């Protein structure tokens with residue numbers, strides 16, 4: 001597959017966990033928001049978050065309450081780094097992340113397409129909390145405006 005097909009910005013349509021029995025859950029809610037950007041120079045960034053994240057009471061993120069910081073952390077995941085395509089898989093090599101354990105690791109995602117404007121990235125089974133599941137992220141090519 002040509003790298004050109006994946007280049008650009010994508011908005012999240014759905015972020016699902018699918019367990020071994022086929023049950024579907026939405027780890028960031030069914031209204032999750034996100035973007036992933038694949039740049040021609042080989043860099044990428046991804047942001048995932050719950051759809052209706054509460055705002056801090058104050059206007060200062062540094063002096064937010066402990067509860068506000070926990071909520072903000074638990075409702076958001078971001079990472080950046082480099083990317084390449086290998087045999088129908090996107091390989092993201094993480095250089096920075098809101099989840100520090102990702103840094104220095106390769107995140108491999110199976111890629112499937114629905115036409116040219118829908119990209120589905122699927123992880124191997126992962127453990128999140130008490131659940132082991134495959135994450136399935138459905139992305140739509142972003143349009144400016």
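The values are calculated or read from the model by the stated rules, or taken from the named source; none is laboratory data. In this text the structure is predicted, and so the values were computed from the model without any measurement. Every residue, glycine among them, receives a Cβ derived from its backbone with ideal geometry; neighbour counts consider all protein chains shown.
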Checklist entry - Does region 91-100 contain at least one residue that is farther than 26 Å from residue 21 by Cα, out of contact with any strand residue (DSSP E or B) (no Cβ under 7 Å at 6 or more places or on another chain) and at pLDDT below 95? => result no
Checklist entry - Are there any pairs with C-beta distances below 6 angstrom linking a residue in region 49-77 that is more than 24 Å from residue 36 (Cβ to Cβ) to a residue that is outside any loop (DSSP other than H, G, I, E, B), with the two at least 6 apart or on different chains, and if so which? => result 56/68
Checklist entry - Is region 63-84 home to any residue that is on the phi > 0 side of the Ramachandran plot and surrounded by 11 or more Cβ atoms within 10 Å (Cβ to Cβ)? => result yes
Item to check | Residue that is nearest to residue 78 (Cα to Cα), among those in region 1-52 that are out of contact with any strand residue (DSSP E or B) (no Cβ under 7 Å at 6 or more places or on another chain) and surrounded by 13 or more Cβ atoms within 10 Å (Cβ to Cβ) | outcome: 50
